[in-house]
Amino acid sequence: MFEASTIPKESFDRLQIAALVGLMFIGTAFVFSATMANDSAATLMWYQQSWVRQIVYYALGAGVAAALCVADYHTLARWSYIVYWAMILCLVAVLIPHIGSMRFGARRWIDLVVFQFQPSEFAKLAYILAGANFLSRPPEELKRAKVFWQSMGLMMLPFVLILKEPDLGSALVLLPTGLVMMLVAGTPRRYLLRLVGIVGLLAMLFVADVLFAPVQWQIPMESYQRNRLMVYFGRNYTDFAPSNATPAELQRLRQRQLDDAYNVRQALISVGSGGLFGKGWRQGTQNALGYLPRAVAHNDFIFSVIAEEEGFVGSVIVLTLYAVVLFTGLRIAGQTRDRLGKLVAVGAVTLLFSHVFINIGMNIRIMPVTGVPLPLLSYGGSSVLCSMIAVGLMQNIHIHRKGY
Amino acid sequence: MLVFDQLKKNDASLRMVAVVLAAGLGILLVGLWWVQVVSAREFQSHLDTQQFRTIRLPAVRGKILDREGRVLAENQPRYNLSLYLDDFRRPFYYAYTNLFSAARKVQKQNIAAAEKKLGRSLKRAELKEFRMPAEQLEQLWQSARCQVVGDTLAQLAQKLGQPVPFNAKNFNLHYARQRALPYPALKNLDVRQIARFEEKYSASVGADLELESVRSYPNGTTAGHLLGYVLRDDNSKEGEDARAFNYYMPDFLGQVGVEAGFDALMRGRPGEESVLVNSLGYRMSKTVDAEPEPGDNVVLTLDLDLQRVAEDSLRTHQGANARGAVVVMDVRNGDVLAMVSSPAFNPVYSENDPARMTDETLRPAINRATQENYAPGSIFKVVVGLAALEAGLNPEKPYTVEPNPEDPQHGCIYVGRLKKKDTAPPGIYNFKRAIERSSNSYFIQIGLPDGMIDRIVTLAQKFHFGEKASLPTRQETPGDLPTLERVHHSWRDGDTANLCIGQGELAVTPLQMAVAYSAIANGGTVYWPRLVSHIVPPDPASRQAVRSYPVASVRDRIGVSSRSLRILHNAMLGETEDVEGTGKAAVVGPEMRICGKTGTAQVQDSTNQLIGYNFWFSSFAPFEHPRYAVVVLVQSQGKGSGGLICAPIAHDIYEAILNKEKAGAGKVLVAN
């Protein structure tokens, strides 16, 4: 009867694409500035230089996203559970010592020789698809407690696995995404409120334990994670020293506190000293002189580099571009005909927003340091790919919104 | 807005999501505004603090010159071979990685051995034991750095053809505290080493010559006391902008002498340099924010030739360990032409023998011309004599000196029941003869009558004995003169007698004697002694003017009649030219007729035991129109007299003066 070819296809949402291109441009420029500052970088071959790689990632991501847009999102949704369980398997695999590679005290990557595969990023996307698929059943079904707990389980499984890596930031991002999807799907308020209440209580207990509890009662956590939280809340390491600590040990604790707070302090100085108009592209001194550590300047703290070099004006431009991407995503969600599309779009938007909020918040010290990349601007294949795929999904929904 | 219109239609939850999104972005915006706009300046200053280091650059110190512009103190450049540490970052890193992998290997071996022993692989908690602690890593870094620097210095040593010692402790200290500054590996290179370095090592890894300025005194110990000395003091000095620098380049502070008194003028104004530093503390670039302004040159009234002659003469006649002083003054204006103190003091402080410096007797650090009090002895008799003449003494009235029953060769006088001995023989004396033979009895008897002590003290006060002369050199003592009140209370004739012969509660400095004799010579004007003539700006081409200190500042007038002065002058002429005179050894010739007075004062300790003598010769010349006053003091334990010991030194000085005047074709040694 009706052939696939007669299904009217809308074109891409041009505004979102434009904003995307803007962000890609900024990303390339500032990865260049962040990584080409020292003389040794100039000796690398062009194909080893980070900004070139970033462009390759962009191209790859655009390709994958475009490929995803060919098929209707309903088709993709049929594969969602398979992809989801595959990702769960990968998350489990990454935790196994010889498969996952240990770097900086965390097992997050699987070394695939050509690039580092980070399952947690893809798991988030898989969760969006699977969760949207699950939640797109008729709203009456969602009123059932069993369905509610199943949807919770769908979210908690990757959450716990990612937390084990340990990757607190990525795990945290799942929570608002899941919550918003459940809200928009029509889960009854009382469930959600109870959930938020319990989670809130748990979070407060957790924070209280980290900050105030004596040593015997502390929840086992990586020391650096605990330290980051303590630094964020302004607690001194010396408050947790054993009572018989010598002055030398106390001094060492104080020094370590300063070191741990170093990144944030340098990021703040970078952002603040940018002023209104910034210092100019590649004129930032914090990065060039090494005060902002090279290891993080081009990914977690890329925003500091942008803020120092382009000032408040530059920050506002970046925020505006993100706002365009996010709000066009919401518009796409509003214009869809079915719940699946709306949920996928809302999930993608919340995912990207959470990343943006946590990362920029980290740079200006309104959020603790949690190692979440800035979508499309941070250097890193997995992050770029996943951000592009998220936007690709939104475009997919936009293109296929009238089709059935 | 387009999105919100579409959302308003029916979707409450989507609307809520949009609101939350907007709120979140709003929070970020406000946060960014707070940090980037409101607090921007604060963060910029944090950035400056961590990225910039300020360095204080002291200026070139002004020179000290004698009255004819000959250099007494100046600055010598000193070249140090320094390493620029930021050029060594990569070699440090490579050395460290080598050491680190070696340590790693050892660690792995230890773990393997432990595992073999246990028969299983170690658990995580057990592995922690083998972890390399931060201290060990820091140790590795230190070793790596020392290795690299040691090797570099060894290479340098080879190229320069001489050993370049490496002090690891010194280097580690420098690295910890002053990383942004170059590390001085070899100090004070001589010309040959500099040449070799420039030839073989220029433009190579991280080493270069740094220039330091060091105070030098080209005339050895000549005028050492007057010049004073400087000590290393890097801090900001008084009168500068009171701000803290991160680093201070070597600087000096004058401690004593002209170096101290005119330190503020000679040190100029320091400059400032700022260094951009990277996160590891290495210097990236340098800017000079303010050039240092060199200090002014100080021109003294001193004449280097006379100073040398005086010092040589004192040393030749009395030896290098002689305790004495010489002052040569221009009687017409109070300019100090020479000021000598023996034993000599080296203005390069470190070159003074520490054993000599702490010697209780020698005390070379004391400027004996201004800083110590001596009993004047017979040279004070001129004051007594003037007071008597003014009171109406007839200089021709004879006075008979009785012989001393115990020592009939010498005279004596009875003051009450006390017998005062005389070095002069018994006989008939008039004023002139009393001066020539320095008769104690004569002067005691003219000082004893009622009211004379008051006159003597009043006249002495006009000479300003017992008072300081406001010298800028921080080397002054006022001496001792009894006040009028003092002589009216429990003051005995015996005390008067002592005063008349220049002993008792009376102490002077040689400079005070020079001023006094100048006053006597020039007709009664007591001048402020002048050490510094004028201040010259460092760059002659600059517009700054030469600042002169006022010449011939009058301090007082003694107010005696010219008749009295003439009588005294004649008597003093007899001291050197008459057969009986004690000062004959000073005579130079008819072109420079000298009026003098010898003196020998007894020095007693606290129990009134005799421990030594002060030998004096005070004089002025030429007799017809006096121009110069010369005062010589020598302290000794042995026997002697002013005429034997001090007069020959004065002779040498007057001879030199005469020759200089002749050589200058009548140009008289005086500043206008």
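Count, please, the residues in the range A:381-404 that happen to be in contact with a His (Cβ under 9 Å, 6 or more places away or on another chain), buried (at least 21 other Cβ atoms within 10 Å of the Cβ) and not hydroxyl-bearing (Ser, Thr, Tyr).
Matching residues across the range A:381-404 total 1.
Consider the range A:289-326. How many of its residues are in contact with a Leu (Cβ under 6 Å, 6 or more places away or on another chain), closer than 29 Å to A:Asp259 by Cα and facing chain B (nearest Cβ under 7 Å)?
3
May I ask you to say which residue of B:Gln36, B:Gln44, B:Gln51 is in contact with a helix residue (DSSP H, G or I) (Cβ under 7 Å, 6 or more places away or on another chain), within 14 Å of chain A (Cβ to nearest Cβ) and touching a residue at least 60 places away in the same chain (Cβ under 8 Å)?
Only one candidate qualifies: B:Gln51.
Take the residues in the range B:250-265 that are in contact with a helix residue (DSSP H, G or I) (Cβ under 8 Å, 6 or more places away or on another chain) and among the small types (Gly, Ala, Ser); name whichever of them is surrounded by the most Cβ atoms within 10 Å (Cβ to Cβ).
B:Gly257
If you check B:Glu74, B:Glu68, which single one turns out to be outside any helix (DSSP H, G or I), in contact with a helix residue (DSSP H, G or I) (Cβ under 8 Å, 6 or more places away or on another chain) and either within 30 Å of B:Asp305 (Cα to Cα) or hydrophobic (A, V, I, L, M, F, W, C) (or both)?
Residue meeting the stated conditions: B:Glu68.
If B:Val487 satisfies every condition in (1) surrounded by fewer than 20 Cβ atoms within 10 Å (Cβ to Cβ); (2) of a type in the set (A, V, I, L, M, F, W, C); (3) within 33 Å of the chain's Cα centre (by Cα) but one, which is the exception?
Checking B:Val487 against (1) surrounded by fewer than 20 Cβ atoms within 10 Å (Cβ to Cβ); (2) of a type in the set (A, V, I, L, M, F, W, C); (3) within 33 Å of the chain's Cα centre (by Cα), the one that fails is (3).
Report those helices (runs of 4 or more DSSP H) wholly inside the range A:51-165 carrying at least 3 residues which are buried (at least 21 other Cβ atoms within 10 Å of the Cβ) and under 17 Å from the mean Cα position of the chain (by Cα).
Per the criteria, A:119-135, A:145-163.
Please enumerate the residues belonging to the range B:556-569 that are among the hydroxyl-bearing types (Ser, Thr, Tyr) and assigned to a loop (DSSP other than H, G, I, E, B).
B:Ser561
What number of residues within the range B:532-555 are part of a strand (DSSP E or B) and either surrounded by fewer than 16 Cβ atoms within 10 Å (Cβ to Cβ) or not charged (D, E, K, R) (or both)?
Residues in the range B:532-555 being part of a strand (DSSP E or B) and either surrounded by fewer than 16 Cβ atoms within 10 Å (Cβ to Cβ) or not charged (D, E, K, R) (or both): 8 in total.
Can you pull out the residues in the range B:406-422 that are buried (at least 16 other Cβ atoms within 10 Å of the Cβ) and either in a strand (DSSP E or B) or of a type in the set (S, T, N, Q) (or both)?
Answer for the range B:406-422, where residues must be buried (at least 16 other Cβ atoms within 10 Å of the Cβ) and either in a strand (DSSP E or B) or of a type in the set (S, T, N, Q) (or both): B:His410, B:Gly411, B:Cys412, B:Ile413, B:Val415, B:Lys420.
Of the residues A:Gln286, A:Gln255, which is modelled with pLDDT of 80 or more, within 27 Å of B:Arg89 (Cα to Cα) and within 14 Å of another protein chain (Cβ to nearest Cβ)?
Just a single option satisfies the conditions, and that option is A:Gln286.
Residue-wise test of (1) more than 14 Å from chain A (Cβ to nearest Cβ); (2) in a loop (DSSP other than H, G, I, E, B); (3) farther than 26 Å from B:His534 by Cα.
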{"residue": "B:Ala244", "(1), (2), (3)": "yes, yes, yes"}
{"residue": "B:Val275", "(1), (2), (3)": "no, no, yes"}
{"residue": "B:Ser279", "(1), (2), (3)": "no, yes, yes"}
{"residue": "B:Asp289", "(1), (2), (3)": "yes, no, yes"}
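Check A:Ile317, A:Ile358 and return the single one that is assigned to a helix (DSSP H, G or I), modelled with pLDDT of 90 or more, on the phi < 0 side of the Ramachandran plot and within 15 Å of the chain's Cα centre (by Cα).
A:Ile358
Would the range B:74-86 turn up any residue that is within 14 Å of chain A (Cβ to nearest Cβ), within 30 Å of A:Gly290 (Cβ to Cβ) and modelled with pLDDT under 85?
There is at least one residue in the range B:74-86 that is within 14 Å of chain A (Cβ to nearest Cβ), within 30 Å of A:Gly290 (Cβ to Cβ) and modelled with pLDDT under 85.
The values are calculated or read from the model by the stated rules, or taken from the named source; none is laboratory data. Owing to the predicted nature of the structure, the values given are computational and were not obtained by experimental measurement. In this analysis, Cβ positions are derived from the backbone assuming ideal geometry, glycine residues included, and neighbour counts consider all displayed protein chains.
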